[in-house]
Ligand SMILES: [Zn+2]
């Protein structure tokens, strides 16, 4: 290696390292995201509140009512990539036929929030590893439950959202027939529309094909003010 090429390699290493965070993951910035939309419009982050009729939001990380006890998001928003939003819209129509609707706890999550969660609770059974990022960071995961369309009440489910108990696992047997029916309903309809339930969280659904979408670190304010 010549001295010049060694210098070049070193410079490149420094530039690459600066673009990564301390866990070595490269997250897409607002500028890169905007640029990617010119050739890949499917990567657009869609606001679920306007895209899906009747969807209810209860964005827990925009309040202190979440496992960190802190307000993580400055705005109560639920975004997802376009194909995810489209699939969720179809699921909502299906749920509506059965007298229920979707309530979203969380959608797209900026990468910095995943880092914060990990630093609060270092158990990667329940909290995504910052070395890999979460599927929420890719705009490809939805945390949700079901509500009764007439009353707006949440349907009884095995646990509350973000419970770190084994009862939250979709494979844990449920005695109560109503709770079992509700859990079966949310999972079966979501799986019919291209999602997969998380192994330790009945409320978390990954969009099948999430690998095509990069981890992003863009705040809701950045998305809406640019
Ligand atoms: Zn989740």
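Any read-out appearing in this document is the output of simple, stated calculations on the displayed coordinates, not a laboratory observation. On a predicted model such as this, the values are computed, not experimentally measured, just so you know. Neighbour counts are summed over all protein chains in view; Cβ atoms, including those assigned to glycine, are modelled from backbone coordinates with ideal geometry.
Points to keep in mind about this one:
- Kirkwood Rh and Cα Rg combined as Rg/Rh, the range 117-226: 1.00
- Span from the the range 18-66 Cα centroid across to the the range 90-156 one, whole angstrom: 13
- Angle in degrees between helix 3-19 and the longest Cα principal axis of the chain, rounded to the nearest 10: 30
- Two-site label geometry, residue 121 and residue 71: point separation in nm, points 7 Å out along Cα→Cβ: 2.1
- Helix 82-97 and the longest principal axis of the C-alpha atoms of the chain enclose an angle of approximately 0°.
- Between residue 211 and residue 44, residue separation times 0.36 nm minus the direct Cα-Cα distance comes to 58.6 nm.
- Principal-axis tilt of helix 111-120 within the chain, Cα atoms, nearest 10 degrees: 70
- When Rg and the Kirkwood Rh are both derived from Cα coordinates, the Rg/Rh ratio for the range 21-74 amounts to 1.08.
- Computing Rg and the Kirkwood Rh from the Cα coordinates of the chain gives a ratio, Rg/Rh, of 1.03.
- A Förster radius of 35 Å, combined with the Cβ-Cβ distance separating residue 191 from residue 226, puts the computed FRET efficiency at roughly 0.50.
- In nm, spacing of pseudo-spin labels at residue 98 and residue 166 (7 Å Cα→C-beta vector): 2.7
- Mean residue ellipticity (222 nm) of the chain, computed from DSSP H runs ≥ 4 via -39,500 (n - 2.57), nearest 500: -10500 deg cm²/dmol
- Each peptide in 102-111, 170-179 was scored by the mean count of other Cβ atoms within 10 Å over its residues; highest first, the order is 102-111, 170-179.
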